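Asker: Sending over a structure as structure tokens; questions will come in a sec.
Here, each number is a calculation from the coordinates, and none is a lab measurement. Model, not experiment: these values are computed from the prediction. Here the Cβ positions follow ideal geometry from the backbone for every residue, glycine too, while neighbour counts run over all protein chains shown.
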Amino acid sequence: MANELTTNNAGALVTAVEQQGIGDILKPLIREIHLFDTFVAGTTYLDDQSVLDEIKEGDKLTLLREKNRYDENAILILTESRKKLGYIPEKDNLIFSRLLDAGKMLAANIKNIEKKGSFTQIGIGIYLVDF
């Protein structure tokens, strides 16, 4: 019986992906490695200031590279609902822009929100998403 052909249960994996989606299958394999804490820049220039009333501590944020005439390393910060929140500060974005340009996935979350008169300071943590 040593030469018998064995089968695996690949169909179960396909069924799980179809029912749950690939994201739920991969979640246990994903690690977020904390890299840096900073704040959101550019919140006073937002076209839609209502986004500042919608965010809360713990919210996940998306980081995307942006072609920007003021900063060649600009990284846009979006809320979970894909609204513009601001940018990674220019003084902090060089390494993160290089990581994103190299195809690495970065994410962020809101660590704290502090109202200072008409200004809202948003502290964030930046994470490398590793598989």
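Asker: Beyond 22 Å, what share of the Cα-Cα pairs of the stretch 29-130 remains, rounded to the nearest whole percent?
Answerer: Details: 1251 of 5151 pairs.
Looking at the stretch 29-130, the distances longer than 22 Å represent 24 percent of pairs.
Asker: At most 15 other Cβ atoms within 10 Å and a DSSP loop assignment: could you name the GluC sites (Glu not before Pro) in the stretch 43-131 that fit?
Answerer: Working: sites: GLU54, GLU57, GLU66, GLU72, GLU80, GLU90, GLU114; in loops: GLU57, GLU66, GLU72, GLU80.
Answer by residue number: GLU57, GLU66, GLU72, GLU80.
Asker: Sequence neighbours fewer than 8 away in the same chain don't count; with that in mind, list the aspartates and glutamates whose C-alpha is under 15 Å from LYS91.
Answerer: ASP37, ASP71, GLU72
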